[in-house]
1. Suppose every K and R has +1 on its Cβ and every D and E has -1 on its Cβ; what is the size of the dipole of the chain about the Cα centre, in Debye to the nearest 20?
2. For the chain, what is the calculated [θ] at 222 nm in deg cm²/dmol (nearest 500), taking -39500 (n - 2.57) for each run of four or more DSSP H residues and dividing by its residue count?
3. Provide the net charge surrounding residue 391, with neighbours chosen by a C-beta distance below 14 Å and charges set as Lys +1, Arg +1, Asp -1, Glu -1.
4. Which FRET efficiency, nearest 0.05, do residue 150 and residue 342 yield, Cβ-Cβ r, R0 45 Å?
5. With θ set to phi - 60° and the Karplus curve 6.51 cos²θ - 1.76 cosθ + 1.60, what are the ³J(HN,Hα) couplings of the range 345-356 in order, to the nearest whole Hz, using x for Gly and Pro?
6. Within 9 Å, Cβ to Cβ, of residue 76, how many net charges do the neighbouring residues add up to if Lys/Arg are +1 and Asp/Glu are -1?
7. Full extension from residue 323 to residue 38: what is 0.36 nm times the residue separation minus their Cα-Cα distance, to one decimal in nm?
8. Can you give the local net charge around residue 102? Use residues other than it whose beta-carbon is closer than 14 angstrom to its beta-carbon, Lys and Arg +1, Asp and Glu -1.
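Taken together, the values in this text are just the output of simple stated rules run on the coordinates, not laboratory data. All of these numbers come straight from a predicted model, not from anything done at the bench. Reconstructed Cβ throughout: ideal geometry from the backbone, glycine too, with neighbour counts over all protein chains shown.
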Amino acid sequence: MIIQPKTRGFICTTAHPDGCAKQIEEQVNYIKAQKKISGPANVLVLGASTGYGLASRIAAAFGAGANTIGVFFDRPAEGSRTASAGWYNSAALEQQAAAQGLKSHSIVGDAFSDAIKAQTIALIQAEYGTVDLVIYSVASPRRTHPVTGETFSSVIKPLGTAYTNKTMNFHTGEVSMTSIEPATEEELRQTIAVMGGEDWKMWIDQLSEAGVLAKGATTVAYSYIGPEITHAIYREGTIGKAKNHLEQTAKELNSQLAAEGGRAFVSVNKALVTQSSSAIPVVPLYISALYRVMKDKELHENCIEQMYRLFAEHLYPEGAAPALDGSLIRIDDWEMREDVQTEVMKRWEALSTDNVSELSDLEGYRRDFFQLFGFQSEGIDYEAESDPDVEILNLVKE
Ligand code: NAD
């Protein structure tokens with residue numbers, strides 16, 4: 001069938017298999033062109049099909065020659081409905097890994113559930129023995145607790161008082177003011193349950209109890225801090241509290257793993273267009289302005305460049321790793337550079353519908369958004385027939 005983008009707000013309900021494969025190929029080629037990363041050997045990536053988790057898996061596999069297991073929540077094509085982008089990404093990644101002779105498996109299902117944890121552990125026991133790196137990159141609007149059965153929903157809201165700032169409809173380029181009412185205590189509790197560190201710790205505890213976590217293993221989860229203008233909605237809002245919980249969990253896991261020489265980190269990453277970040281009010285406009293400034297200063301990075309730096313410079317450096325910021329790895333250092341932020345803020349003040357294309361990288365934002373779903377990839381004929389039914393090699397079936 002001929003596959004075109006169909007957007008509904010900040011989601012695209014279709015995805016293009018060939019375009020997604022092209023995106024994977026470009027990320028793999030980027031990593032292969034860099035200096036080899038010295039470690040890890042067997043890697044488990046939770047939330048491995050898009051955004052930072054996908055880039056982590058590519059960096060590990062093609063940068064370090066690691067065997068990888070990816071766990072993600074995606075759907076195959078059905079009838080006239082295409083598969084989700086993460087499905088096509090993972091299919092392409094498995095193909096590339098096989099071509100490279102790398103051992104690789106994919107597990108599709110709810111990472112929050114005990115069933116998927118058990119399935120993953122059984123796979124590690126059967127095929128890998130142990131894993132020496134666990135990346136936690138799950139981003140989800142909901143989580144069902146495996147013990148209580150309660151389903152939590154996360155919200156992105158300020159705390160205490162309403163937050164008003166500029167936002168953008170990136171499809172139309174319209175800049176307007178938005179006001180978001182503060183979260184209730186209950187909404188905060190649920191957001192921490194979804195995006196805090198509880199599930200990460202459950203994974204590490206269960207892997208450890210099953211004896212499939214290698215001695216000296218490393219685990220990393222991702223966080224964001226960002227500029228003052230987004231603090232009320234992000235860092236000091238519901239999601240920020242969940243990130244505080246994640247960071248606290250890293251400290252606990254670090255003490256737990258240290259007994260065997262292991263380590264747990266939170267890496268603070270740069271703001272980038274992903275399916276998760278495009279859902280946050282205000283952030284797409286900030287990202288557009290940031291892209292413009294970082295591209296002008298030749299500092300721009302995508303997920304893959306960020307993940308290469310994380311692996312090569314921080315997790316598996318040849319010499320000493322840069323000092324932690326407290327307990328955090330900071331690869332948002334270029335985004336947060338004073339000259340970058342000063343310029344972004346100057347533009348922020350002036351941004352309006354009339355000048356958004358000039359002051360920000362609206363075009364770049366839109367392209368990145370469509371590329372998340374395999375559209376606007378170079379060299380793909382989008383008028384040509386494409387088969388939406390794509391199988392994932394090495395998909396572990398229940
Ligand atoms: P994303 O939406 O691109 O990826 C989320 C991944 O989680 C996908 O692979 C998806 O399949 C998987 N997933 C969702 N629900 C799942 C479930 N129930 N079971 C298994 N897998 C599930 O998100 P992202 O932006 O790459 O975010 C990943 C992490 O990076 C998050 O912690 C986020 O806060 C952090 N981060 C993002 C940014 C940014 O700007 N995008 C910046 C800094 C940090």
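1. On the way: 35 positive and 52 negative charges, 95 e Å.
Dipole of the chain, to the nearest 20 debye: 460 debye.
2. Values: 13 runs with 145 residues, N = 398.
Value at 222 nm, helices only, nearest 500: -11000 deg cm²/dmol.
3. Working: positive: 75, 397; negative: 74, 78, 94, 387, 389.
Cβ neighbours under 14 Å give a net charge of -3.
4. Values: r = 45 Å, r/R0 = 1.00.
Efficiency, rounded to the nearest 0.05: 0.50.
5. The phi angles translate into 5, 4, 5, 4, 4, 8, 4, 8, 4, 5, 10, 4 Hz.
6. On the way: positive: 75; negative: 74, 78, 389, 391.
Here the charged neighbours net out to -3.
7. Values: separation 285, 0.36 × 285 = 102.60 nm, distance 1.91 nm.
Going from the current span to full extension adds 100.7 nm.
8. On the way: positive: 32, 36, 57, 103; negative: 94, 127.
For residues surrounding residue 102, the net value is +2.
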